[in-house]
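Bear in mind these aren't lab numbers, they're just calculated from the coordinates by the rules spelled out. Quick caveat: nothing in here was measured; it's all calculated off a predicted structure. All Cβ positions, glycine included, derive from the backbone under ideal geometry; neighbour counts span all protein chains shown.
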Amino acid sequence: MILPPLPLADAVNLLRHWDASTFRTPAASVRYHHQRHGRDVSLWTYMARAAGFNLRRARRKPLPEGATRYEKRNGEFCIKRKGKIVSYGVNSWP
């Protein structure tokens, strides 16, 4: 996948929001979750949306291993652990 240019500082800043979780690196986690939940947008857009997820008005559900799932009525969700993103996406409704 060829991505449009993004200043290195911006790319590093977006990546700092992510947790490696069960992956070797945060970058590997982002790549996997982008393929699973965000293929309709560029990787950078996906990362920016995840970093900008507003926790206000999101339902909060505790998960194992100290993670919390935040989900909005429109299906948008963000899973965080220790303040870092583990996963982000939008649930599709049948």
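Counting just the residues of the stretch 31-64 that are buried (at least 16 other Cβ atoms within 10 Å of the Cβ) and of a type in the set (Phe, Trp, Tyr), which one comes out farthest from the chain's Cα centre (by Cα)? In this case the residue turns out to be Trp44. The set of residues in the stretch 52-73 that are under 12 Å from Gly89 (Cα atoms) and touching a strand residue (DSSP E or B) at 6+ places or on another chain (Cβ under 7 Å) comprises Phe53, Arg69, Tyr70, Glu71.
If you go through the stretch 28-58 and pick out every residue that is in contact (Cβ under 8 Å) with a residue 12 or more places away in the chain, in a helix (DSSP H, G or I) and polar (S, T, N, Q), you end up with 1. Scanning the stretch 16-27 for residues that are within 16 Å of Ala67 (Cα to Cα), of a type in the set (A, V, I, L, M, F, W, C) and either within 13 Å of the chain's Cα centre (by Cα) or outside any loop (DSSP other than H, G, I, E, B) (or both) returns Trp18, Ala20. Of the numbered criteria (1) touching a strand residue (DSSP E or B) at 6+ places or on another chain (Cβ under 7 Å); (2) without any contact (Cβ under 8 Å) to a residue 40 or more places away in the chain; (3) among the basic types (Lys, Arg), the one Lys84 fails is (2). Of the set (1) surrounded by 11 or more Cβ atoms within 10 Å (Cβ to Cβ); (2) of a type outside the set (D, E, K, R); (3) in a helix (DSSP H, G or I), all apply to Val12 but (1).
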